[in-house]
Amino acid sequence: MAGLSDDQKRSLLANVPLFNGLAPVELDALVPVARTVVLKKREELFHKGDEGAQVYIVISGRLKALTTSDEGDDVVFSILGPGEVLGEIALLGASPRTATVTSIDPSELLIIDRRDFLSFLRSHPDVSIKLLDVLAQRMKRVSELVEDTLFLNLPLRLAKKLCSLSSQYGEPHEKGLRLDLKLSQEEWGDLVGTTRESINKQLRAWTEEGLVTIDHGYIVIHDRKELEKLAGAVVY
């Protein structure tokens, strides 16, 4: 994406949900200050504790936001895809990064420096309100992750996560619904707060029951309704 024209940047920004409803001329304040970054697969964008001086907008690819314990165990807070904003918490609070963000796939993002983004928010209060909603939803997901890890057993947690991600990344498959999200079993464990071994055991059990299969590293859901029953029909 190096060498994007102003028209290309404006078009990309216009397709970001945060900026829905803004006229092209209103985006002109961001166009000249937005620049691009390209990440390889599994490349780190920033690390927890780094200075938060920029906000990022995902143009393509997918990334994960995570934290790592002193023992080296990861917990993934969220998966971020095209159109989503990240890095806003540290930016708005002028504080260090609260999580590490790493690409899952090759990814491309737009970067806007703190000063320029805050200036834009001051002149566009409607965008500020939308950003507050983004923050609220993110905090809700973190709260639910903590509650689920503490109070739900692994089958329920994993069923909830699969149902949730199938709404975002599910693609029709001859045997059901294929999640267009290639994660290792260790990463699935990080998403629901358990070990790779436990994920492997649970997926094998569900495969034997005919609920899911693994197709070249992708999970295929054969019976979503049954998975929803396991999840208690509470999907986030």
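Can you pull out the residues in segment 115-139 that are within 18 Å of the chain's Cα centre (by Cα) and touching a residue at least 40 places away in the same chain (Cβ under 8 Å)?
K130, L131, V134, L135, R138 - these are the residues of segment 115-139 that are within 18 Å of the chain's Cα centre (by Cα) and touching a residue at least 40 places away in the same chain (Cβ under 8 Å).
If we keep just the residues of segment 66-95 that are open to solvent by 30 Å² or more (accessible area, probe 1.4 Å), closer than 26 Å to R115 by Cα and outside any loop (DSSP other than H, G, I, E, B), which is modelled with the highest pLDDT?
Checking each candidate, the answer is I89.
As an exercise: evaluate S103 against (1) hydroxyl-bearing (S, T, Y); (2) at pLDDT 95 or above; (3) surrounded by fewer than 20 Cβ atoms within 10 Å (Cβ to Cβ) and give the number of the one condition it does not meet.
(3)
Can you go through I57, I112 and tell me which one is part of a strand (DSSP E or B), among the hydrophobic types (A, V, I, L, M, F, W, C) and more than 15 Å from the chain's Cα centre (by Cα)?
I112
Any residue that is under 25 Å from T100 (Cα atoms), surrounded by fewer than 16 Cβ atoms within 10 Å (Cβ to Cβ) and under 21 Å from the mean Cα position of the chain (by Cα) - is there at least one of those in segment 154-166?
no
Filter segment 189-198 down to residues that are part of a helix (DSSP H, G or I) and farther than 11 Å from R157 by Cα, then give me how many there are.
Residues meeting the conditions: 4.
Among the residues of segment 44-65, are any free of Cβ contacts under 8 Å to residues at least 12 places away in the same chain, under 29 Å from L22 (Cα atoms) and open to solvent by 40 Å² or more (accessible area, probe 1.4 Å)?
Taking every residue of segment 44-65 in turn, none turns out to be free of Cβ contacts under 8 Å to residues at least 12 places away in the same chain, under 29 Å from L22 (Cα atoms) and open to solvent by 40 Å² or more (accessible area, probe 1.4 Å).
Please work out which residue is nearest to D73 (Cα to Cα), limiting yourself to segment 204-219 and to residues that are surrounded by fewer than 17 Cβ atoms within 10 Å (Cβ to Cβ) and of a type in the set (V, I, T).
I214
Is there a residue being open to solvent by less than 20 Å² (accessible area, probe 1.4 Å), free of Cβ contacts under 8 Å to residues at least 24 places away in the same chain and farther than 21 Å from D223 by Cβ anywhere in segment 186-203?
Checking segment 186-203: at least one residue is open to solvent by less than 20 Å² (accessible area, probe 1.4 Å), free of Cβ contacts under 8 Å to residues at least 24 places away in the same chain and farther than 21 Å from D223 by Cβ.
Taking segment 2-40 on its own, how many of its residues are assigned to a loop (DSSP other than H, G, I, E, B), open to solvent by 40 Å² or more (accessible area, probe 1.4 Å) and within 29 Å of S95 (Cβ to Cβ)?
The number of residues fulfilling the criteria is 2.
Taking segment 155-185 as the search range and keeping residues that are in contact (Cβ under 8 Å) with a residue 40 or more places away in the chain and part of a strand (DSSP E or B), which one is nearest to S69 (Cα to Cα)?
Per the criteria, the residue is L179.
Out of all the residues in segment 119-150, which are open to solvent by 40 Å² or more (accessible area, probe 1.4 Å), charged (D, E, K, R) and over 15 Å from V16 (Cα atoms)?
Hits for segment 119-150 are R122, K140, R141, E144, E147.
The values are calculated or read from the model by the stated rules, or taken from the named source; none is laboratory data. Bear in mind the structure is a predicted one, so any value in this text is a computation, not a measurement. In this analysis, Cβ positions are derived from the backbone assuming ideal geometry, glycine residues included, and neighbour counts consider all displayed protein chains. Just the protein is used for accessible areas: all its heavy atoms, side chains included, with ligands, DNA and RNA removed. Shrake-Rupley method; radii C 1.70, N 1.55, O 1.52, S 1.80 Å.
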